[in-house]
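Notes follow once the structure below has been shown.
The values are calculated or read from the model by the stated rules, or taken from the named source; none is laboratory data. For clarity, every value in this text was computed on a predicted model and none was experimentally measured. Note that we place each Cβ from the backbone using ideal geometry, even for glycine, and neighbour counts take in every protein chain shown. For the accessible areas, the whole protein counts, side chains as well, though only heavy atoms, and no ligand, DNA or RNA atoms are used. Shrake-Rupley method; radii C 1.70, N 1.55, O 1.52, S 1.80 Å.
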Amino acid sequence: MIKTVATKPREGQRPGTSGLRKKVPVFQEPGYAENFIQSIFDTLEGFAGQTLVVGGDGRFYNRNVIQTVIRMAAANGFGRILVGRGGLLSTPAASNVIRKHRAFGGIILSASHNPGGPHGDFGIKYNVGNGGPAPEKITEAIFARTKLIKEYKTTDTADIDLDRLGVSRVPATDVEVIDPVADYQGLMETLFDFDAIRDLFRSGFRMRFDAMHAITGPYAHAILEGLLGAPPGTVVHGEPLEDFGGHHPDPNLVHAKDLYDLMMSPEAPDFGAASDGDGDRNLIIGRHQFVTPSDSLAMLAAQAHLAPGYAKGLAGIARSMPTSAAADRVAAKLGIASFETPTGWKFFGNLLDAGLATICGEESAGTGSNHVREKDGVWAVLLWLNILARRRQSVAEIVREHWRTYGRNFYSRHDYEEVEETAAQNLVKSLRDNLPKLKGTNLGGVSVAAADDFAYHDPVDGSTTTGQGIRIFFEDGSRIVYRLSGTGTAGATLRVYIERYEPDPAKHGLETQAALSSLIGTARSLAQIEARTGRREPSVIT
């Protein structure tokens with residue numbers, strides 16, 4: 001029985017870089033989730049009788065909202081709903097399901113790498129028919145609708161059994177619970193040389209994959225330990241938990257410190273990797289060799305031809321603006337196009353759909369390709385394994401060889417988390433106001449070559465996106481970038497990116513923070529970070 005429920009607008013429902021994210025208690029407020037979901041449906045056209053994909057990363061409140069989405073999607077006229085068993089679908093797997101089954105779109109319930117639990121974070125985002133995140137024109141239309149909404153549609157039906165594969169019926173709608181891993185595993189088999197990777201494990205190669213009690217555990221168990229024959233115990237923290245085991249499921253050197261410490265120890269296996277809450281980010285560490293996400297993107301692009309799915313070469317490489325220019329150097333050497341986009345995977349979608357780019361990446365530990373329209377943590381790990389299986393060199397040897405060939409981009413990101421919102425906005429405004437005065441000035445002994453607020457002109461649809469980050473370029477090729485993140489749920493996160501290119505192999509062994517020390521000091525003083533935010537040091541350094 002379809003029913004219409006009266007409601008009124010709720011504050012703060014503008015989607016960020018990856019959908020709407022708030023604390024769980026906010027989503028638990030009566031009508032809060034329903035308003036946003038109905039606003040998605042009210043914004044879309046032509047979905048009557050079509051297929052909707054639904055899944056999430058298993059965090060607290062995931063099952064509850066999936067039942068809400070199912071009822072509301074049925075009431076609004078979707079003809080078929082595909083939902084991952086247990087309510088689980090990694091973000092890249094959801095993208096694949098949308099594409100493979102030609103769904104109209106999908107609703108993904110996740111706050112990505114943010115912490116979970118009853119007082120943690122929750123999120124809802126909409127993905128369009130190409131499998132990628134909704135573009136800004138859709139997210140802005142959804143937000144506009146949230147400010148006007150007066151009612152939402154739902155049904156009185158009982159909960160669907162999310163743990164049983166098969167088809168159930170909600171009025172006029174088939175709800176099919178699917179294996180969350182099967183379609184994704186099948187796709188990976190078309191891209192990589194699994195025989196070579198099996199031989200690598202048979203040779204005694206050892207690996208540690210930390211699923212961080214998040215969504216990639218089932219995928220890693222099935223593919224790494226199952227299909228590829230990695231020894232049992234290769235995958236740790238492989239059971240998805242609603243609170244991620246009380247930990248922060250962000251694969252960086254702070255929250256994956258146990259893995260880092262192991263990989264730097266005498267007992268280190270050959271290869272270490274981790275993925276985040278919803279499976280779209282990755283961490284790569286070799287024995288005694290951490291690989292920055294920016295370097296990983298460049299190295300994967302340079303070696304992708306070793307995997308069957310990329311043997312014919314790449315059309316182009318795309319990176320987000322804050323990501324280091326290491327990938328640009330690979331593109332130049334390969335004679336292919338390189339693209340610099342705003343932060344947010346949705347900006348890669350047009351390039352991928354148009355065949356202009358094959359591999360994309362962000363400094364925030366996200367890499368992926370045209371196989372789906374999301375970044376993909378397990379994919380990145382498998383491509384690294386394919387390269388290691390073919391090269392039969394260590395990660396450290398591959399890294400050093402890459403630097404000798406292309407030079408090294410020393411690179412670091414300093415995050416100041418949960419900064420008071422007004423203080424953060426004023427800091428960025430002050431930088432923006434001073435941009436015209438910076439060119440030619442001397443900062444930290446180096447002259448400023450250029451300074452701007454990054455704007456992106458999409459080569460496919462002609463759209464322009466402005467205000468994407470303050471960039472300071474120096475005469476020696478160094479760069480500082482400031483931007484406010486759109487992925488947090490409390491206060492503001494100020495991200496500062498520091499980069500210096502070093503062509504001399506004799507200097508490639510320097511420690512990153514030491515190599516960047518003068519630029520770090522310049523970045524802090526130029527923005528008056530301590531004076532404006534009260535923060536003497538960043539919350540996280542990656």
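Counting Lys +1, Arg +1, Asp -1, Glu -1, what net charge surrounds GLY226 among other residues with beta carbon under 14 Å of its beta carbon?
Taking every other residue near GLY226 into account, the sum is -2.
Order these peptides, 266-273, 282-289, 42-49, by their mean beta-carbon neighbour count within 10 angstrom, highest first.
The densest-packed peptide leads the list: 282-289, 266-273, 42-49.
Write down the accessible area per residue of the range 304-347 in Å², having rolled a 1.4 Å probe over the full set of protein chains.
Counting only protein heavy atoms, the per-residue value for the range 304-347 is 34 Å².
Compute the orientation-averaged projected area for the range 215-299 from the convex hull of its Cα atoms and round it to one decimal in nm².
Over all viewing directions, the range 215-299 projects a mean Cα-hull area of 5.8 nm².
May I have the convex hull volume per residue, in Å³, for the Cα set of the range 122-163?
149 Å³
Given a 1.4 Å probe and the protein chains all in place, what does the accessible area of LYS346 round to, in Å² to the nearest 10?
Roughly 40 Å² of LYS346 is accessible to a 1.4 Å probe.
Would you mind calculating the gained length between LYS3 and ALA311 on full extension (0.36 nm times residue separation, minus the Cα-Cα distance), in nm to one decimal?
Using 0.36 nm per residue and subtracting the Cα-Cα distance, I get 105.5 nm.
Just order 314-323, 213-222, 521-530 by mean Cβ neighbour count inside 10 Å, highest at the front, would you?
213-222, 314-323, 521-530
What is the gain in length, in nm to one decimal, between ARG202 and LEU510 on full extension, counting 0.36 nm per residue of separation less the C-alpha to C-alpha distance?
Full extension from ARG202 to LEU510 adds 107.3 nm.
Looking only at the range 360-386, which residues have a backbone nitrogen under 11 Å from a spot 7 Å from the Cα of LEU227 in the C-beta direction?
379, 382
Can you compute the helix-only [θ] at 222 nm over the chain? Use -39500 (n - 2.57) per DSSP H run of at least 4 residues, normalise by all residues, nearest 500 deg cm²/dmol.
About -9000 deg cm²/dmol.
Expressed as a fraction of 2.2 N^0.38 Å, the rule-of-thumb size for a compact globular protein of N residues, what is the C-alpha radius of gyration of the range 262-342?
In units of the 2.2 N^0.38 Å rule of thumb, it is 1.23.
Taking every pair of alpha-carbon atoms in the range 1-148, what share in percent sits in each 5 Å bin, from 0 to the bin with the longest distance?
2, 10, 22, 24, 24, 14, 4, 0
Please compute the alpha carbon radius of gyration of the range 259-407, then divide it by the globular-protein estimate 2.2 N^0.38 Å. Two decimals is fine.
Here the answer is 0.98, to two decimals.
Going from most exposed to least, what order do ILE197, ILE160 have by accessible area with a 1.4 Å probe?
I get ILE160, ILE197, largest accessible area first.
To one decimal place, what orientation-averaged projected area in nm² is obtained for the convex hull of the Cα set of the range 346-385?
2.7 nm²
What is the Cα centroid distance between the range 44-101 and the range 172-251, reported in whole angstrom?
Each part's Cα centre sits 22 Å from the other's.
Count the DSSP beta bridges whose two residues both fall in the chain, then state the antiparallel fraction as a percent rounded to the nearest 5.
Taking every DSSP beta bridge with both residues in the chain, the antiparallel ones total about 70 percent.
Compare ARG80, ARG71 by solvent-accessible area with a 1.4 Å probe and give them largest first, with all protein chains kept in place.
Greatest to least solvent exposure: ARG80, ARG71.
Sort largest first and round to whole Å: the equivalent ellipsoid semi-axes of the range 117-197, each the square root of five times a Cα gyration tensor eigenvalue.
Taking √(5λ) for each Cα gyration eigenvalue gives 32, 23, 15 Å.
Please state the equivalent ellipsoid semi-axes for the range 70-153: what are the square roots of 5 times the Cα gyration tensor eigenvalues, largest first, in whole Å?
20, 19, 15
For the chain, take every pair of Cα atoms, bin their distances at 20 Å starting from 0, and report each bin as a whole percent.
22, 57, 21, 1
Just the projected area, averaged over all directions, of the convex hull on the alpha carbon atoms of the range 106-252: how many nm²?
The number I arrive at for the range 106-252 is 12.5 nm².
Amide H to amide H, which residues 5 or more places from SER110 or on other chains are under 5 Å from it, using H placed in the peptide plane?
Long-range HN contacts for SER110: GLY123, ILE124, LYS125.
If the label point is 7 Å along Cα→Cβ of ALA449, which residues in the range 387-430 have backbone nitrogen under 20 Å from it?
Correct set: 406-412.
Of all the C-alpha pairs in the range 25-98, what % are more than 20 Å from each other?
Above the 20 Å cut-off, the range 25-98 has 31 percent of its Cα pairs.
Which chymotrypsin sites (Phe, Trp or Tyr not before Pro) from the range 328-436 combine a DSSP loop assignment with at most 14 other Cβ atoms within 10 Å?
Those that pass, being in a loop and sparsely packed, number zero.
For the range 435-524, take N as its residue count and report Rg(C-alpha) divided by 2.2 N^0.38 Å.
The reported ratio for this selection is 1.28.
What length, rounded to one decimal in nm, is gained on full extension from GLN393 through to THR405, with 0.36 nm per residue of separation minus their alpha-carbon distance?
2.7 nm
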